[in-house]
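The values are calculated or read from the model by the stated rules, or taken from the named source; none is laboratory data. Everything quoted here is computed from the prediction, not taken from an experiment. Cβ atoms come from the backbone with ideal geometry, glycine included; neighbour counts cover every protein chain shown. Each accessible area value is taken on the protein alone, full model and side chains, heavy atoms only, with ligands, DNA and RNA left out. Shrake-Rupley method; radii C 1.70, N 1.55, O 1.52, S 1.80 Å.
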Amino acid sequence: MPLACEILNDTAHVNIDGELTIYTASDLSAQLLPRLGATPQMQIDLSQITEMDGAGLQLLIMVTREAAKAGTALTLTGHSNAVLETLQLSGLGPSV
């Protein structure tokens, strides 16, 4: 799963491209978790997520929790339609 990370000033800008599913969550977790705590802030761009399932949602929840423990202020941005749909189905997103 392509994951691009660029550090500007004190913020890690992370872009996830493709699926955020049971098939990619483990790999993404292995790439994201070690980056937590390396910078005071992390911004994850979700605009290129093409598919997301419950495992992807669990990963985002875990990364949010672990970022707080690591002292990294985490921001999730650019929610694609796939992300918004999953959040709505789970009851965590805005209702339409």
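A few comments on the model shown:
- As a summary of the residue check, A4 satisfies the conditions (1) exposed (fewer than 13 other Cβ atoms within 10 Å of the Cβ); (2) modelled with pLDDT of 95 or more; (3) part of a strand (DSSP E or B) except for the one numbered (2).
- Filter result (within 17 Å of Q31 (Cβ to Cβ) and open to solvent by 50 Å² or more (accessible area, probe 1.4 Å)) within the stretch 67-96: L76
- The stretch 26-46, subset within 12 Å of the chain's Cα centre (by Cα) and assigned to a strand (DSSP E or B), residue farthest from E6 (Cα to Cα): L46
- Qualifying residue in the stretch 47-59 (condition: β-branched (V, I, T), part of a loop (DSSP other than H, G, I, E, B), out of contact with any Lys or Arg (no Cβ under 8 Å at 6 or more places or on another chain) and surrounded by 13 or more Cβ atoms within 10 Å (Cβ to Cβ)): no
- Inter-residue pairs, beta-carbon under 6 Å, first under 12 Å from L74 (Cα atoms) and open to solvent by less than 60 Å² (accessible area, probe 1.4 Å) and in the stretch 10-37, second aliphatic (A, V, I, L, M) and assigned to a helix (DSSP H, G or I), 6+ apart: L32/V63; L36/A67; L36/A70; G37/A70
- Among residues of the stretch 70-84, those that are in a helix (DSSP H, G or I) and either closer than 17 Å to H13 by Cα or in contact (Cβ under 8 Å) with a residue 12 or more places away in the chain (or both), counted: 3
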